[in-house]
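Inspection log for the structure reproduced underneath, given as structure tokens.
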Amino acid sequence: MVDITHYLVLSTIVFSIGVVGVLTRRNVIIILMSIELMLNSVNLNLVAFSDRLQDPSGQVFAVFVITVAAAEAAVGLGIIIALFRNKETVNVDEIDLMRG
Amino acid sequence: MEATLFYILATMLVVFAILTVTAANPVRSAVYLISALLSMAGFFFLLEAEFVGAVQILVYVGGIMVLFLFVIMLVSVRDMESQRRMSRQWKTALVLGIVLSCELVFFVVQGAQVFSADTVDQPFLNLESQTGNTETVGGLLYSTYLLPFEIASILLLVAMIAAVVLTQKRL
């Protein structure tokens with residue numbers, strides 16, 4: 001029986017790796033993948049608590065998070081394709097259309 | 001047995017997560033992320049959440065990651081590799097990430113006794129003994145969480161329409 005603290009610490013580590021990925025990388029696609037990593041670490045928390053409390057509600061919420069992640073990936077990748085068609089780049093440093 | 005599996009899966013997950021963030025080639029990064037998601041699915045099976053584990057593999061690995069790979073192929077990979085990988089702020093970002101990680105671990109360890117074995121005296125109604133995991137989750141989705149379930153379906157519809165509109169030629 002693994003203590004739930006182990007799961008929480010592991011999920012924290014994966015979440016932080018995702019945060020570092022979002023902040024450091026310049027490629028938009030890899031930034032989106034880091035966001036997927038962060039969403040997934042939250043899922044690990046939900047399922048671990050669901051197992052700990054013997055309450056399946058946590059798993060239902062994990063399914064909802066996966067749904068939101070799928071929607072987010074579809075819209076995000078659509079934006080990337082539209083951006084690449086107009087600006088020919090996926091580099092966040094060159095995407096500065098909103099700069100005044 | 002469970003502890004051994006946990007540590008093997010945890011090592012795999014952390015290593016693949018770091019490789020996802022650091023890989024130069026986006027295709028490699030996507031393959032590493034697939035491996036990380038598969039180890040995460042292993043955790044779900046370990047935690048007796050078979051339905052979520054199966055959904056993880058089907059939706060994430062089978063759906064989302066294939067979508068990612070398609071988009072990576074659509075936008076040219078050639079000029080990505082030659083450019084600088086990291087942005088100029090990477091040192092600050094790394095320090096901030098480590099600080100965030102330490103803070104979160106500190107609070108988790110501080111609050112560890114809240115989740116420890118003897119605080120939850122009465123477990124919630126456990127249906128898993130009578131029915132399967134999928135049946136339990138499905139039953140909850142269609143009873144207690146019916147409204148969020150419907151909202152999620154609308155969200156998916158909106159996302160689908162948005163993706164179609166965004167990828168049109170003249171946008």
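Tabulated data
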read-out: Per-region count, the stretch B:141-171, residues more than 30 Å from residue A:83 (Cβ to Cβ) and assigned to a helix (DSSP H, G or I); value: 7
read-out: Filter result for residue B:58 (touching a helix residue (DSSP H, G or I) at 6+ places or on another chain (Cβ under 8 Å), more than 7 Å from every other protein chain (Cβ to nearest Cβ), more than 19 Å from residue A:16 (Cα to Cα) and assigned to a helix (DSSP H, G or I)); value: no
read-out: The stretch B:147-159 residues that are more than 7 Å from every other protein chain (Cβ to nearest Cβ), paired with ones that are surrounded by 11 or more Cβ atoms within 10 Å (Cβ to Cβ) and part of a helix (DSSP H, G or I) (beta carbon under 8 Å, 6 or more apart); value: B:149/B:141; B:158/A:71
read-out: Options A:47, A:22; residue that is more than 7 Å from chain B (Cβ to nearest Cβ) and either assigned to a helix (DSSP H, G or I) or over 30 Å from residue B:169 (Cα atoms) (or both); value: A:22
read-out: Residue match in the stretch A:60-72 (condition: at pLDDT 90 or above, part of a helix (DSSP H, G or I) and touching a strand residue (DSSP E or B) at 6+ places or on another chain (Cβ under 9 Å)); value: no
read-out: Lone unmet requirement of (1) part of a helix (DSSP H, G or I); (2) modelled with pLDDT under 75 for residue B:122; value: (1)
read-out: Selection count where residues are in contact (Cβ under 8 Å) with a residue 40 or more places away in the chain and in a helix (DSSP H, G or I), scope the stretch A:73-100; value: 7
read-out: The one condition in (1) in contact (Cβ under 8 Å) with a residue 60 or more places away in the chain; (2) over 29 Å from residue B:163 (Cβ atoms); (3) assigned to a helix (DSSP H, G or I) that residue B:108 fails to fulfil; value: (1)
read-out: From A:68, A:28, residue being more than 22 Å from residue B:106 (Cβ to Cβ), in contact (Cβ under 8 Å) with a residue 12 or more places away in the chain and surrounded by fewer than 19 Cβ atoms within 10 Å (Cβ to Cβ); value: A:68
read-out: Which listed residue, of B:20, B:92, is crowded, with 17+ Cβ neighbours inside 10 Å and farther than 26 Å from residue A:54 by Cα; value: B:20
read-out: Residue A:3 more than 7 Å from chain B (Cβ to nearest Cβ), over 12 Å from the mean Cα position of the chain (by Cα) and surrounded by fewer than 21 Cβ atoms within 10 Å (Cβ to Cβ); value: yes
read-out: Options B:72, B:64; residue that is in contact with a Pro (Cβ under 6 Å, 6 or more places away or on another chain) and at the interface with chain A (Cβ under 10 Å from one of its Cβ atoms); value: B:72
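The values are calculated or read from the model by the stated rules, or taken from the named source; none is laboratory data. Only a predicted model underlies this, so the values are computations on that prediction, with no experimental measurement involved. As a convention, Cβ positions derive from the backbone with ideal geometry for all residues, glycine included, and neighbour counts pool all protein chains shown.
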